[in-house]
Amino acid sequence: MKQTLTSPSGVSASRLAFGTMQFGGRADEAQSRAMFEACVEAGITHFDTAHIYTEGASETLLGSFLGDRRDDLIIATKAAYSGGATRENILTTAETSRQRMKLDTLDVLYLHRFDPDTDMRESFQAFADLKNKGHIRYIGLSNFSAWQTVKAAHIAAKFDLSVAVIQPMYNLVKRQAEVEILDMADDLDILVAPYSPLGGGLLTGKYAQGGAGRLSEDDRYAARYGVEAMHKTAADLTTLGAEIGMHPATLAVAWAAGHPTGPSPIISGRSLEQLQPSLDALTFEMSPALYERITALSTTPPPATDRLEEQS
């Protein structure tokens, strides 16, 4: 993993990050605090939230949990999911996030998604102003393609800025990031903190057992993971887990972290009980042979070239 992020006191980003999307929503305050404390105890230093999550409750709760550990942790949030990546919207959402978490400085501020209608120079001028004020330390991009990221990095450099981290979707049944994003980030020395390593819970095996979650409660996730082959992969991962005595969620997270470019997956959960198998991936040592077995459970996406005769 690239150690491109450090906390204010100089602590490096942990192998996994923790996402607080559930705080104040599916996870109440007590459940949220229990997960936060377990993550800190396990050695996680990188915590991710967003201006839009649970109408602000996620940021508010995360900020309230930090206490005197704040300087040893990396706090990342995201701006401008709605309303466009305009200067005004970035500055407004970033300030709201700072106030909710009671932070002088946001360690990472992401653009939550690409905005085709706003000139990126306007967006990065806003980032430059925030950094000059000491309100942010690092810049990130979420849900950007490879070409969008390279374009953003080029424009950022004009403001003496760099892109430190990106957040694509990546898991065993969503492997498009392998085509260009992971290699692009590796070449540009950008940390990749992919989200959804469990595929909305699909790779835990719970849906095959009649369990509930995002795929059964959210039409977007149902459509995103509605391909039969994805469910076959999830079933095969569960079978493999039973064979070697490991929870499929542990295997799924460890696999996502095991890519040769060293991504830092964002784990999450509704409760500590649900989170624990993902947290166990922090200490799970995956052998190259097991990584290959898991990789073979889903289709490797074709390379970004039609000259297949040149592929090794």
Please name all residue pairs, on different chains or six or more residues apart, with Cβ atoms under 7 Å, provided the first residue is in segment 256-274 and is within 10 Å of residue 16 (Cα to Cα) and in contact (Cβ under 8 Å) with a residue 24 or more places away in the chain and the second residue is surrounded by fewer than 24 Cβ atoms within 10 Å (Cβ to Cβ) and charged (D, E, K, R). 257/15; 264/15
Looking at segment 134-152, which of the residues that are free of Cβ contacts under 8 Å to residues at least 40 places away in the same chain and surrounded by fewer than 21 Cβ atoms within 10 Å (Cβ to Cβ) is farthest from residue 188 (Cα to Cα)? 134
Under 9 Å between Cβ atoms, which residue pairs at least 6 apart in sequence (or on different chains) link something in segment 279-293 that is under 17 Å from residue 263 (Cβ atoms) with a partner that is surrounded by 10 or more Cβ atoms within 10 Å (Cβ to Cβ) and of a type in the set (D, E, K, R)? 281/15; 282/15
Take segment 276-312 and flag every residue that is small (Gly, Ala, Ser) and under 16 Å from residue 241 (Cα atoms). 278, 281, 287, 289, 296, 298
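Which one of 191, 203 is over 15 Å from the mean Cα position of the chain (by Cα) and not charged (D, E, K, R)?
203
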Every residue from segment 109-138 that is among the hydrophobic types (A, V, I, L, M, F, W, C), in contact with a Phe, Trp or Tyr (Cβ under 8 Å, 6 or more places away or on another chain) and within 17 Å of residue 84 (Cα to Cα): 109, 111, 114, 124, 127
From the options 131, 78, residue that is touching a strand residue (DSSP E or B) at 6+ places or on another chain (Cβ under 8 Å), under 26 Å from residue 184 (Cα atoms), among the basic types (Lys, Arg) and buried (at least 20 other Cβ atoms within 10 Å of the Cβ): 78
Are any of the residues in segment 51-62 crowded, with 24+ Cβ neighbours inside 10 Å, out of contact with any helix residue (DSSP H, G or I) (no Cβ under 8 Å at 6 or more places or on another chain), modelled with pLDDT of 95 or more and under 17 Å from residue 268 (Cβ atoms)? yes
Of all residues being closer than 21 Å to residue 6 by Cβ and among the small types (Gly, Ala, Ser) in segment 158-180, which is surrounded by the most Cβ atoms within 10 Å (Cβ to Cβ)? Just the residue, please. 164
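In segment 139-172, what count of residues is obtained for those that are assigned to a loop (DSSP other than H, G, I, E, B), in contact with a Phe, Trp or Tyr (Cβ under 7 Å, 6 or more places away or on another chain) and farther than 18 Å from residue 77 by Cβ? First the steps, then the outcome.
Our first condition is that a residue be assigned to a loop (DSSP other than H, G, I, E, B); within segment 139-172, this holds for 143-145, 158-164, 168, 170, 172.
Add one more test, that the residue is in contact with a Phe, Trp or Tyr (Cβ under 7 Å, 6 or more places away or on another chain), and what stays is 143-144, 159, 161, 164, 172.
So of that shortlist, the ones also farther than 18 Å from residue 77 by Cβ come out as 159, 172.
So the answer is 2.
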Taking only segment 275-300 into account, find how many residues are loosely packed, with under 15 Cβ neighbours inside 10 Å and touching an Asp or Glu at 6+ places or on another chain (Cβ under 8 Å). 1
If a residue must be buried (at least 20 other Cβ atoms within 10 Å of the Cβ) and either outside any helix (DSSP H, G or I) or free of Cβ contacts under 8 Å to residues at least 12 places away in the same chain (or both), how many such residues does segment 196-223 contain? 8
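From 248, 263, grab the single residue that is of a type outside the set (A, V, I, L, M, F, W, C), in contact with a strand residue (DSSP E or B) (Cβ under 9 Å, 6 or more places away or on another chain), surrounded by 17 or more Cβ atoms within 10 Å (Cβ to Cβ) and under 23 Å from residue 36 (Cα atoms). Spell out the reasoning first.
Working: 248 fails: in contact with a strand residue (DSSP E or B) (Cβ under 9 Å, 6 or more places away or on another chain).
Exactly one residue qualifies, and that residue is 263.
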Do we find that residue 119 is under 20 Å from residue 18 (Cβ atoms) and either of a type in the set (Ser, Thr, Tyr) or out of contact with any His (no Cβ under 8 Å at 6 or more places or on another chain) (or both) in this structure? no
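The values are calculated or read from the model by the stated rules, or taken from the named source; none is laboratory data. As the structure is a computational prediction, the values presented were derived from the model and not from experiment. Virtual Cβ from ideal backbone geometry, glycine too; neighbours counted across all protein chains shown.
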